[in-house]
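Colleague: Below you'll find the structure I mean.
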Amino acid sequence: MLMALASIIMLVLMLAINDSLQRFQRDSAESYRRHLTTLVRAQLEQDAEIVLGSASHALSEDLHGGDLPRLQRSLHQLAAYGKIDYIYLFDPQGQIILSGQNDGAKPGDAVHRFLPATLPQEVLQYRFWQGQHLHMSEQIDYQGQVLGSIAIGLNFSSALQTVSQQSDIKKTEENALLSEIRQTLLILFCLLLPVSILSTRWLTRRLLKPLQKLTESSIRYASGDRDVSFKLERLDEIGRLGSALERMRLKLEQSHQQVQVQALEDVVTGLNNRRWFQQRLQEVLHRSASIDGRFAVLFVDLDHFKQVNDTAGHERGDQLLREVTERLQATLADFRLSAIPHAEPMLARLGGDEFVVLLPSIETAEDAADIARQIGVGLSEPFLLSGQYFSISCSIGITLYPDDGLSSSEILKHADLAMYSAKQRGRSQFAFFHASMTDEVRERLQIQQGIHDALLHDQLYLEYQPIYDLENGTPIGAEALIRWQHPEQGLIPPARFIPIIEESDLIEDVTRWVADRAARDLQQFLQQSASFSVSINISGTALHMESICHYICDLKREFGLPDNSLCVEITETSMIQHLERSEQVLQIWKANGINIWIDDFGTGYSSLSYLNSLEIDGLKIDRSFVVTLADGHSKPLIDAIIALSHSLQIETVAEGIETSEQRGTLQQMGVDYGQGFGLDRPMPASQLLERLQTPTPACAEL
């Protein structure tokens, strides 16, 4: 009876314990899998957000500047982060700009066509898990303006499969342990029921407590506790499981640290990036505010860097950025030797050709001016890149705390405005911020946007100023001059918007528009005068664009224009800056029957040796020489230019003729052609057509 009772009790206890163990195993396995999956997903999503956030900062400058090759390389670098389902850069309207994968997506396609169907149409910013795939997008801002977004799909099946494998290992180990427990319990219960009960309790605690510890550690790690450890002081299977989890934790921590470093470092120069600089600026601002200290920010922008990229390629452009970095570091190293303790200057690259220097402690504004001068001198020496010399300069904007702003965003923004002011004043100099600059830059941005709208809404038009033969007074050609009729402000003076166009990304679009319109009008002019020619002005930036060179040649062929009827006017300065590249472009134009004139001759470089190596058709004598002709100051210079042109067998045009006396004197001196208000004012194409139909020379009686 006792044996039966003992057997019943043993059986009940065995069943109860077995049920408890199975329930514990099920709950523990599910809890472990859930917490470990949550942990890994959270870590992967955090790392992906850091990389995507850093990428959006890095892409903002290139996206604002429209630098598609650099954007494409950046997308490819981002694609190396892991297994990528897709990566798209798209504008605020949801249209694709670039794709980082060969998936058939083209610029202009609607991005939602290539995203998961479960995502909303408004996809500027989202975070979304779909199985083992993470879908994310990040908004790209530049100075408060939304430029677009970057969307990426990441395949984390490998990482999450590791979680599943670890869970399976844990479940297998638990099954083995439970099997051992059942066997041990059976033997002990057979020997002695009380001893069995006590032994079962002890063994349960002894074997399951490490698993409870691993589960608790997983929960703590998932909640953000980085000091947790999965390592157990055991040599059995549970100990090996704990060691495997600890190795996985260490790899995740190492990956997290690498992502943190990459998020704060510029990949081209190795300098700290914009994100790092903003953090340091905020720290210095708080410290200075607490001690009534002063500091300065120098915003350094390289002059004409875009021309280096356009003429020599992006690889040399990146090489130049690294050379500039070394010179800046050397300049700041010299400054550190004389600076006060704990106030070493900090250098970072914001993106593109923009660098920034933070001087954490200064006494006077002259301290900042001194380092700006040293930076300018350091960058003035030519750079030798792959056997070729490049000369650049820099424009520097300076802001002082607390004079020019009380927040980090104000300080950096005002330094940027001061830099633009330095560029407008001629480049290769520095400028301190003052309040009026905000209005100047606002007007500049309005003009840039206005020109963009003007191209779309046909607000631009051309006028033509005739060029006359000074001997017989007949028109032999005309110079095309761009005009802007604003719908609200009326006719905007060219001097107000042309310099801004030449410094912006719109220069290529505007140059194409002018060339196309002038070529169309020239077809009509040639019907009235078979030897008539039209000249268009090519800026220094456009001169070094390969696309502009070939576009003008294509226009001449498309409209069937005869040789020597289409002319380009370029200045000495823009041509000499990169003489080798200019020579290549001019040779292509000459080979296609396009005439080349040097505009504003005599106001640029004093060296005339380049005229021997370039095929030039004529020189345009600058109006400043014509104005001072009456008092005799410029007569020797004009005589020298005429003698030079005769020796080179090229022609001359005098600009800015206002009086009959000027015309007569220039004709006697040997100038071939003339242009100016005294001969004819700029006029629409229709009026010039009427002028060409007039048999009597228009300026015969001047």
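Colleague: Please go through segment 348-368 and pick out each residue that is of a type in the set (Ser, Thr, Tyr) and crowded, with 20+ Cβ neighbours inside 10 Å.
Modeller: If the condition is that a residue be of a type in the set (Ser, Thr, Tyr) and crowded, with 20+ Cβ neighbours inside 10 Å, then Ser361 is the only one that fits.
Colleague: Could you please let me know if Ser391 is more than 30 Å from Ala435 (Cα to Cα), among the polar types (S, T, N, Q), surrounded by 14 or more Cβ atoms within 10 Å (Cβ to Cβ) and modelled with pLDDT under 90?
Modeller: yes
Colleague: For segment 414-529, give me every one of the strands (runs of 3 or more DSSP E) that falls completely inside it and has 2 or more residues that are surrounded by 21 or more Cβ atoms within 10 Å (Cβ to Cβ).
Modeller: Of the strands (runs of 3 or more DSSP E) lying wholly inside segment 414-529, those with at least 2 residues that are surrounded by 21 or more Cβ atoms within 10 Å (Cβ to Cβ) span 430-432, 460-469, 475-486.
Colleague: Further, regarding this structure: If only one of Val653, Val626 is closer than 18 Å to Val568 by Cα and modelled with pLDDT of 85 or more, which one is it?
Modeller: So the residue among Val653, Val626 that is closer than 18 Å to Val568 by Cα and modelled with pLDDT of 85 or more is Val653.
Colleague: Right, next: Let me confirm something: among Leu679, Leu666, Leu619, which residue is in contact with a Cys (Cβ under 6 Å, 6 or more places away or on another chain), modelled with pLDDT of 90 or more and open to solvent by less than 20 Å² (accessible area, probe 1.4 Å)?
Modeller: From the options Leu679, Leu666, Leu619, the qualifying one is Leu679.
Colleague: In segment 68-86, which residue that is open to solvent by less than 30 Å² (accessible area, probe 1.4 Å) and in contact with a Gly (Cβ under 8 Å, 6 or more places away or on another chain) is nearest to Gln449 (Cα to Cα)?
Modeller: Of everything passing the filter in segment 68-86, Leu75 is nearest to Gln449 (Cα to Cα).
Colleague: When residues of segment 278-319 are filtered for being outside any helix (DSSP H, G or I) and surrounded by 14 or more Cβ atoms within 10 Å (Cβ to Cβ), how many remain?
Modeller: Residues in segment 278-319 being outside any helix (DSSP H, G or I) and surrounded by 14 or more Cβ atoms within 10 Å (Cβ to Cβ): 12 in total.
Colleague: So which residues in segment 485-501 are in contact with a helix residue (DSSP H, G or I) (Cβ under 6 Å, 6 or more places away or on another chain) and within 25 Å of Leu555 (Cα to Cα)?
Modeller: Ile501
Colleague: Is it the case, given these coordinates, that Asn272 is closer than 30 Å to Gln319 by Cα and either touching a Lys or Arg at 6+ places or on another chain (Cβ under 6 Å) or modelled with pLDDT of 65 or more (or both)?
Modeller: Considered against the rule, which asks whether it is closer than 30 Å to Gln319 by Cα and either touching a Lys or Arg at 6+ places or on another chain (Cβ under 6 Å) or modelled with pLDDT of 65 or more (or both), Asn272 comes out as yes.
Colleague: All but one of (1) modelled with pLDDT under 80; (2) within 25 Å of the chain's Cα centre (by Cα) hold for Leu89, so report the exception by its number.
Modeller: (1)
Colleague: Are there helices (runs of 4 or more DSSP H) fully within segment 611-698 with at least 3 residues that are β-branched (Val, Ile, Thr)? List them.
Modeller: 635-648
Colleague: When Gly604 is evaluated against the numbered criteria (1) at pLDDT below 90; (2) closer than 26 Å to Ser539 by Cα; (3) more than 43 Å from the chain's Cα centre (by Cα), which criterion, by number, is the only one it fails?
Modeller: Condition (3) is where Gly604 drops out.
Colleague: Using beta carbons and a limit of 7 Å, which pairs, at least six apart or on different chains, have the first residue in segment 404-430 and farther than 12 Å from Ala372 by Cβ and the second one of a type in the set (Asp, Glu) and in a helix (DSSP H, G or I)?
Modeller: Once the first residue is farther than 12 Å from Ala372 by Cβ and sits in segment 404-430, its partners that are of a type in the set (Asp, Glu) and in a helix (DSSP H, G or I) give Ser421/Glu440.
Colleague: Say we look at segment 101-135 and pick out the residues that are among the small types (Gly, Ala, Ser) and part of a loop (DSSP other than H, G, I, E, B); which of these is modelled with the highest pLDDT?
Modeller: So, considering only residues that are among the small types (Gly, Ala, Ser) and part of a loop (DSSP other than H, G, I, E, B), the one modelled with the highest pLDDT is Gly108.
Colleague: Looking at (1) within 25 Å of His314 (Cα to Cα); (2) aliphatic (A, V, I, L, M); (3) open to solvent by 20 Å² or more (accessible area, probe 1.4 Å), which is the only condition Leu89 fails?
Modeller: Of (1) within 25 Å of His314 (Cα to Cα); (2) aliphatic (A, V, I, L, M); (3) open to solvent by 20 Å² or more (accessible area, probe 1.4 Å), only one is false for Leu89: (3).
Colleague: Would you check if there is a residue in segment 327-347 being part of a strand (DSSP E or B) and open to solvent by less than 60 Å² (accessible area, probe 1.4 Å)?
Modeller: yes
The values are calculated or read from the model by the stated rules, or taken from the named source; none is laboratory data. Every value quoted in this text rests on a predicted model; they were computed, and no experiment measured them. Neighbour counts are summed over all protein chains in view; Cβ atoms, including those assigned to glycine, are modelled from backbone coordinates with ideal geometry. These area figures cover heavy atoms from the full protein model, side chains too; ligands, DNA and RNA do not enter into them. Shrake-Rupley method; radii C 1.70, N 1.55, O 1.52, S 1.80 Å.
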